[in-house]
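The values are calculated or read from the model by the stated rules, or taken from the named source; none is laboratory data. Treat the numbers as computed from the prediction; the structure is a model and nothing was measured. Here the Cβ is made from the backbone with ideal geometry for all residues, glycine too, and neighbour counts use every protein chain on show. For accessibility, only protein heavy atoms count, side chains too; no ligands or nucleic acids. Shrake-Rupley method; radii C 1.70, N 1.55, O 1.52, S 1.80 Å.
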Amino acid sequence: MTIEEEAMHPPSDSPVEMILRDELAHGDGVLQSLAPILGHLVATAGNPLFNDQVVASIRGRAADVARQLLREQAAVAGLGDPDGFADAGVVELADALMNQQGFLVHCHALTIEAQTAEALRSRSGIDPVVSPMLQSLIASKSPEIAGGAMAILAAQARFFQQHARMELPLRELPGAIFEQVLHTWRNFAGSDASTITAQAEGTLRSTFDEGMSRIGLLNRMISALGKDARPALAVSNGGVSLFTSALAHISDQARDTIVVATSEQLVGRLALSLRAAGLDASVVAEQFAYFHPDIDLPEGFEALRQDRAQELLQHRKAGDAD
């Protein structure tokens, strides 16, 4: 049968596949509506949900990024009171940043990651900074692996400190989000300040290295380990951060998507991603229980093949691309 014929006559879904496909579609609907909903919440100070930790964390991170940009602008302009300059524009620039979907979704994922790590520490005793796998990597005979693991350890410690303070250093942004942030800042500053922002941007770019960010270090470690990264798919071994980076890499999905998939609204995507990564159904159930101890996998999940899980995920990915 040709690819075209397969598209016209897809294999019949089993009952469990139908359940997971519907759950995946529902979860993806949540993902697609996430940015508009978050944008409304963070922009509405009078909203009763405004004090929610997630929303407050996103606003705090946006304000921190805005302050960094404005202080750099003030420094290049030679202003005598960089903090005062930043204070005057921080709210408006933070609002502009929060109108950018990529930035907003990334801030949300960081908050979910930190909250999930804390929940697993409280519920299962999983250390959010020093996981068993990270300890073993630090002891590696390979200088590159050991050095990378030590860098991850330091980055993880900083991440949770920054989360508590609602901070987001520019150097920790993914490359695409960094570009989005700079573009938003240039538009905010306007043409009158273009020479100053261009110089300030040059300084920021000279110190930016995506590979040395926390997420960059995690991704580099997973790539360097190759097949040896699979133990990270046990969250009790890898910890949340290595777990999400490994699962994103092995299942060919965005890390922010996998992080958000650990939340209750996207249980179908988490289960399918674990199965698509090649974990046996019993192991999927074990990992799933860490995140959702009160939710059971659908009946018949053990019959779901790895290739079918991959196909279901890829079908949704192709549909999103359309």
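Place a point 7 Å from Cα of H315 in the direction of its Cβ. Which residues in the range 265-297 have their backbone N less than 18 Å from it? Once the point is set 7 Å along Cα→Cβ of H315, 267-277 turn out to lie under 18 Å by backbone N, inside the range 265-297.
Look at (i) -0.93, -1.06; (ii) -1.02, -1.14; (iii) -1.11, -1.20: the one that is log10 I(q)/I(0) by the Debye sum over Cα atoms at q = 0.13, 0.14 Å⁻¹ derived from this structure is (ii). For the range 215-246, the residues whose amide N sits under 19 Å from a probe point set 7 Å from the Cα of A285 along the beta carbon direction are 234-236. Grab the beta carbon distance between E299 and D192, set R0 = 45 Å, and tell me the FRET efficiency rounded to 0.05. Given R0 = 45 Å and the Cβ-Cβ separation, E is 0.10. Only the Cβ atoms of Lys and Arg (+1) and of Asp and Glu (-1) were treated as charged; on that basis the dipole of the range 61-157 about its Cα centre amounts to roughly 480 debye.
For the chain, return all DSSP H helices satisfying: extent of Cα atoms along own axis at least 24 Å; mean Kyte-Doolittle hydropathy at least -0.5. In the chain, the long hydrophobic H runs are 15-43, 53-77, 101-124, 143-165. Ligands, DNA and RNA left out, the accessible area of the range 209-262 computed with a 1.4 Å probe is 50% carbon and sulfur.
Taking a probe of 1.4 Å, how large is the accessible area per residue of the range 145-276, in Å²? Spell out each step's value before the answer.
Working: 5220 Å² over 132 residues.
For the range 145-276, the solvent-accessible area averages 40 Å² per residue.
D by Stokes-Einstein for the range 152-285, Kirkwood Rh over Cα pairs, 4 °C, 1.567 mPa s: 77 µm²/s. Between N237 and A254, the contour length at 0.36 nm per residue exceeds the alpha carbon distance by 4.0 nm. Spin-label pair A56-A164: with each label point 7 Å from Cα along the Cα-Cβ axis, the two points sit 1.5 nm from one another.
Over the Cα atoms of the range 50-185, the radius of gyration divided by the Kirkwood radius equals 1.05; this is the Rg/Rh ratio.
Note on the chain: with charges restricted to the Cβ of Lys and Arg (+1) and Asp and Glu (-1), its dipole about the Cα centre is near 980 debye.
Amide hydrogen proximity for A254: with H placed 1.01 Å from N in the peptide plane, no residue at 5 or more positions away or on another chain lies under 5 Å.
From the alpha carbon centroid of the range 119-137 to that of the range 235-299 is 16 Å. Across the range 150-248, the mean sequence separation of Cα contacts (distance under 8 Å, 6 or more residues apart), normalised by length, yields a relative contact order of 27 percent.
Annotation for A139 and F208: the two label points, set 7 Å from Cα along the Cα-Cβ direction, are 4.0 nm apart. For D127 and R230, what does the FRET efficiency come to when R0 = 22 Å and r is the distance between their Cβ atoms, rounded to the nearest 0.05? It comes out at approximately 0.60.
The label-point distance for A157 and A176, in a model that sets each label 7 Å from Cα toward Cβ, rounds to 3.3 nm.
Students often check this: by mean Cβ neighbours within 10 Å, which of 247-255, 65-73 ranks highest, and how do the rest follow?
By packing density, highest mean first, the sequence is 65-73, 247-255.
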